[in-house]
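Worksheet for the structure shown next.
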Amino acid sequence: MSEIALAADFAIIIVVATAVGLIARQTGQPTIIAYILTGIILGPVMFDVVTDEGLVDLMAELGLGFLLFLLGMKMRFEDIREILRPITNVAIGQTVLQTALAFLVALVLGFGTTEVLVIALATVFGATPIIVKVLTDKDEITSLPGKIDVGVLIVQDIYLVVVLALFSADSLDNAGEIATTLAVIFVMMGFIGLFSIASSRYLLPRVFRRIANNKDVFLIVAIAWAFLFIAIAEGFDLSVEVGAFLAGISLAQLPYSKELEDRITPITDFFILVFFASIGLQIEGVGALLAYWQEAIIASIVLMVGNFWIMFYLIDREGFSVETSFLGSINMVQVSEFSLVVGALAFTQGYIGSDVLGYLSLMALLTMSVSTYIISYNHTIYRWVKPWFSRFESEEKIDTDLAEYKNHAIAIGYDEVTERALPVLEERYGTVVVIDRKTEHIDEIEREGRYDHIFGDFRHGEVRKAANLKNASFVLSSSVQVDVNKAVLDEAPDDATVFVEAERIDDARDLYDRGAAYVIMSTYLTAEKLSEFLEQYVTDRAAFMDAIEQDIERIRREGRIETDELRPESARAESGGESDG
């Protein structure tokens, strides 16, 4: 096939995926479903317009690598530290029990031995992008059920990487070979994992502190880091996904990870589109897609019900309340898109046929479509069934109190304006979160150790979520960028007090109309203060000198403080000794 034909295929995929994606969004469906349907529409199932060769295969492999890289970047161990032990117990039990359930269902439905193994390993994962997206939209991602689900998904992601590495092996027929392959996988992952952890502690903070202010270099170095780990993984005969995943984990522990995640997501989405479309392209006709349609419907129903009760039992056993157990369970009932990731790799390796890939695709489409609405209405469903589930309640079951920002103050930008306001905000609101895009400012806040801080551009959604803007009581923005201040006023609670800054009268008027409590007009305030000083200088020179003396003394005092901070500790001690003498 010519390069022009490959480029044309690629362009067709992008255009059709965009159109189908718009329809999916209007019906409240995940875009991943739209991407799979794109492959089905353009592949042998319907119009057979695009093949799965050449450029598409290459971009699909990159898409899988970037998908795992992004998943790794979401694995912030700090997010689940408070409930790590129960989450680990739930995740391990869930993995074992749901794999066993999926194995039994596939066995009863009459699939072959290798097919049963692939199906069992493929259908145990929760749909990470869908769960995280819907819960984030509902402001439930930081709730206790949301934290439990995210923690379980993190463990599942590690399990996924092991399964993908296993299916990269040459054979699954010999138990000894499987055991040897798994041992090698764990040893190699251990070596790379240790390098990843060591890098996140000692190397990466120094590197990113130097480059984080340069947005272009910042992104390029992050992508280069991913490809470095991919190269290391391939050097150890591991899959691309293992390297990309571990690279993401090492970056996730950095204070710059929120900003980086938001910047790399559009690139990742582009490759993911091609990857999931390529899955639909690999299904060899309508016959393959619908070869096991009855089995797919039966399995979808059994697995969704079974997965719910497995999760409910495990969460309830850890002593959480019935409501938390119910919500954490009902969010995780679907067969995820990762069943297709595993299925596509197993199909490529020849472990399953196109008909089994069609079976997995049909199950994923059915369960993800239904679960999107289930998660959206999870609280309503709980209210309906609460009387029946009340039998599981007991006084011993108490939810863990999670540390999260609430009724706090947020300062956007760290400059002279916000610096003077921070002590007042701390005294009034207790917790103050400073958001800034300059590493030297973040370093200064860290040295002071008084305020929480987030590195990143406030315009990025991940940064705003990390600061929990929607639960803030006070927001002070020292940015004059209109889009930043509009985002503040749009997302902050109606009862929050918001101070913003503007350069132009028209912008100030618009910000007041949007609900700002006060708009700082630094240019006009300076002009007003200057006119007062000029008038005082002309009419009463003595009063003028008294007025500015305070400013002069403050400048001198702050100048001495900054000079002392820059001097070595020994020099400061010597200086202090001389003055005392």
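The values are calculated or read from the model by the stated rules, or taken from the named source; none is laboratory data. Predicted model only: the values in this text are computed from it and were never measured. No Cβ is skipped: glycine too gets one built from the backbone with ideal geometry, and neighbour counts run over all protein chains shown. The area values use the complete protein model at the heavy-atom level, side chains included, leaving out ligands, DNA and RNA. Shrake-Rupley method; radii C 1.70, N 1.55, O 1.52, S 1.80 Å.
In summary, LEU345 fulfils each of the numbered conditions (1) among the hydrophobic types (A, V, I, L, M, F, W, C); (2) in contact (Cβ under 8 Å) with a residue 60 or more places away in the chain; (3) open to solvent by 10 Å² or more (accessible area, probe 1.4 Å); (4) over 21 Å from THR95 (Cβ atoms) with the single exception of condition (4).
When LEU160 is tested against the conditions (1) aliphatic (A, V, I, L, M); (2) under 30 Å from HIS379 (Cα atoms); (3) at pLDDT 80 or above, the lone failure is (3). Among the residues of the stretch 348-369, the ones that are open to solvent by 20 Å² or more (accessible area, probe 1.4 Å), modelled with pLDDT under 85 and on the phi < 0 side of the Ramachandran plot come to 5 in all.
If you filter the stretch 306-340 down to residues that are polar (S, T, N, Q) and within 13 Å of MET363 (Cβ to Cβ), you find that the one that is modelled with the highest pLDDT is ASN307. For the stretch 292-299, the condition holds for no residue, the condition being that it is touching a residue at least 24 places away in the same chain (Cβ under 8 Å), closer than 21 Å to GLU393 by Cα, among the hydrophobic types (A, V, I, L, M, F, W, C) and touching a helix residue (DSSP H, G or I) at 6+ places or on another chain (Cβ under 7 Å). For the stretch 7-33, residues that are farther than 16 Å from PHE47 by Cα and open to solvent by less than 30 Å² (accessible area, probe 1.4 Å) total 5. Of all residues in the stretch 499-526, none that is farther than 21 Å from GLU416 by Cβ and free of Cβ contacts under 8 Å to residues at least 40 places away in the same chain has its Cβ atom under 8 Å from the Cβ atom of a residue that is of a type in the set (Val, Ile, Thr) and loosely packed, with under 14 Cβ neighbours inside 10 Å, 6 or more apart or on another chain.
Mind checking whether some residue in the stretch 45-52 is polar (S, T, N, Q), open to solvent by 20 Å² or more (accessible area, probe 1.4 Å) and at pLDDT below 75? Yes: one or more hits. Applying the condition of being of a type in the set (Val, Ile, Thr) and in contact with a strand residue (DSSP E or B) (Cβ under 6 Å, 6 or more places away or on another chain) to the stretch 464-483 and asking which residue is least open to solvent (accessible area, probe 1.4 Å) yields VAL475.
Hey, does the stretch 327-345 have a residue that's outside any helix (DSSP H, G or I), aromatic (Phe, Trp, Tyr) and within 28 Å of LEU273 (Cα to Cα)? Scanning the stretch 327-345, I find no residue that is outside any helix (DSSP H, G or I), aromatic (Phe, Trp, Tyr) and within 28 Å of LEU273 (Cα to Cα), so the answer is no.
Contact annotation: residue pairs with Cβ atoms under 8 Å, 6 or more positions apart or on different chains, pairing a residue in the stretch 11-32 that is in contact (Cβ under 8 Å) with a residue 60 or more places away in the chain and of a type in the set (A, V, I, L, M) with a partner that is open to solvent by less than 40 Å² (accessible area, probe 1.4 Å) and in a loop (DSSP other than H, G, I, E, B), are ILE13/VAL50; ILE32/ALA127; ILE32/GLU337. Taking the condition open to solvent by 50 Å² or more (accessible area, probe 1.4 Å) and either modelled with pLDDT of 75 or more or in contact with a strand residue (DSSP E or B) (Cβ under 6 Å, 6 or more places away or on another chain) (or both), does ARG85 pass? Here the answer is yes, as ARG85 does meet what is asked.
When the stretch 507-539 is limited to residues that are assigned to a helix (DSSP H, G or I) and aromatic (Phe, Trp, Tyr), the one that is nearest to ASP415 (Cα to Cα) turns out to be TYR524. Within the stretch 172-184, can one find any residue that is modelled with pLDDT under 80 and closer than 26 Å to ILE454 by Cβ? No; the residues of the stretch 172-184 include none that is modelled with pLDDT under 80 and closer than 26 Å to ILE454 by Cβ. State yes or no: is ALA542 farther than 16 Å from ALA409 by Cα, of a type in the set (Gly, Ala, Ser) and open to solvent by 60 Å² or more (accessible area, probe 1.4 Å)? Judged against the criteria, ALA542 is a match.
The residues of the stretch 415-452 that are in contact (Cβ under 8 Å) with a residue 60 or more places away in the chain, open to solvent by less than 50 Å² (accessible area, probe 1.4 Å) and not in a helix (DSSP H, G or I) amount to a single one, ARG437. Do you know which residues across the stretch 458-499 are in a loop (DSSP other than H, G, I, E, B), touching a Gly at 6+ places or on another chain (Cβ under 9 Å) and within 15 Å of GLY413 (Cβ to Cβ)? Across the stretch 458-499, the qualifying residues are PHE458, SER478, SER479. Considering each residue of the stretch 59-74 in turn, none proves to be over 28 Å from the mean Cα position of the chain (by Cα) and modelled with pLDDT under 80. Just to be sure before I move on: is GLU234 among the acidic types (Asp, Glu) and surrounded by 15 or more Cβ atoms within 10 Å (Cβ to Cβ) in the structure I sent? So GLU234 does not fit the description; no.
Screening the candidates GLY306, GLY319, GLY280, GLY287 for the property of being surrounded by fewer than 22 Cβ atoms within 10 Å (Cβ to Cβ) and in contact with a Leu (Cβ under 8 Å, 6 or more places away or on another chain) yields one hit, GLY306.
Matching residues to (1) of a type in the set (A, V, I, L, M); (2) open to solvent by less than 10 Å² (accessible area, probe 1.4 Å); (3) over 20 Å from TRP384 (Cα atoms); (4) in contact with a Ser or Thr (Cβ under 6 Å, 6 or more places away or on another chain):
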| site | (1), (2), (3), (4) |
| --- | --- |
| ALA296 | yes, yes, yes, no |
| ALA299 | yes, yes, yes, no |
| MET311 | yes, yes, no, yes |
| ILE330 | yes, no, no, no |
| VAL335 | yes, yes, yes, yes |
| PHE338 | no, yes, yes, no |
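Residues in the stretch 199-255 that are of a type outside the set (A, V, I, L, M, F, W, C), outside any helix (DSSP H, G or I) and in contact (Cβ under 8 Å) with a residue 60 or more places away in the chain: ASN213, SER239, GLN253, PRO255.
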